[in-house]
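The values are calculated or read from the model by the stated rules, or taken from the named source; none is laboratory data. On a predicted model such as this, the values are computed, not experimentally measured, just so you know. FYI the Cβ positions are ideal-geometry reconstructions off the backbone, even for glycines, and counts take in every protein chain you see. Ligands, DNA and RNA are stripped out before the accessible areas are found, and what is left, the full protein with its side chains, is counted by its heavy atoms. Shrake-Rupley method; radii C 1.70, N 1.55, O 1.52, S 1.80 Å.
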Amino acid sequence: MSGISVKMRGHCFDSIEAIAEAMKNSISGELICENYRRVGLVNVGILSFEKYFFRNGSYASLTVVLTEDGEEKTADIIAIY
């Protein structure tokens, strides 16, 4: 298992939905879950991807939690392989 947290500032993307769309277009795994919620002043999104590798018969999963509080966007990324 591996994880990282990335903080983003500025206006490179308008929303976490735009970040999620860019991720969906660039990740080759199957999208298992996509969900968005607003909690108070914070927008939260979760994406979960899964990929099966035939060569060694194993799975890899990638979970991304996107948060946005107006000024700052954060992506918490967890991979299990």
* **Hits in the stretch 53-74 (condition: over 15 Å from Ile4 (Cα atoms) and buried (at least 16 other Cβ atoms within 10 Å of the Cβ))** => Glu68
* Structure fact -> When the stretch 38-81 is checked residue by residue, the ones that are touching an Asp or Glu at 6+ places or on another chain (Cβ under 8 Å) and among the charged types (D, E, K, R) are Glu50, Lys51
* Sole residue being at pLDDT 95 or above and charged (D, E, K, R), chosen from Glu68, Glu50 -> Glu50
* Odd one out for Ser28 among (1) touching a helix residue (DSSP H, G or I) at 6+ places or on another chain (Cβ under 8 Å); (2) modelled with pLDDT of 85 or more; (3) part of a loop (DSSP other than H, G, I, E, B) -> (1)
* Structure fact -> Per the filter on the stretch 56-79, residues within 14 Å of Leu41 (Cβ to Cβ), more than 12 Å from the chain's Cα centre (by Cα) and of a type outside the set (D, E, K, R) are Gly70
* Regarding Ser28, is this residue surrounded by fewer than 10 Cβ atoms within 10 Å (Cβ to Cβ) and not aliphatic (A, V, I, L, M)? -> yes
* Evaluate the stretch 8-18: report whether one residue or more is assigned to a strand (DSSP E or B), open to solvent by 40 Å² or more (accessible area, probe 1.4 Å) and in contact (Cβ under 8 Å) with a residue 24 or more places away in the chain. => yes
* **Positions within the stretch 37-47 being open to solvent by less than 70 Å² (accessible area, probe 1.4 Å) and either aliphatic (A, V, I, L, M) or touching a residue at least 12 places away in the same chain (Cβ under 8 Å) (or both), in sequence order** => Val42, Asn43, Val44, Gly45, Ile46, Leu47
* Quick one: which of Glu21, Glu34, Glu50 is in a helix (DSSP H, G or I) and open to solvent by 50 Å² or more (accessible area, probe 1.4 Å)? -> Glu21
* Failed item, numbered, when Ile77 is tested on (1) modelled with pLDDT under 95; (2) within 20 Å of Met8 (Cα to Cα); (3) open to solvent by 60 Å² or more (accessible area, probe 1.4 Å) -> (3)
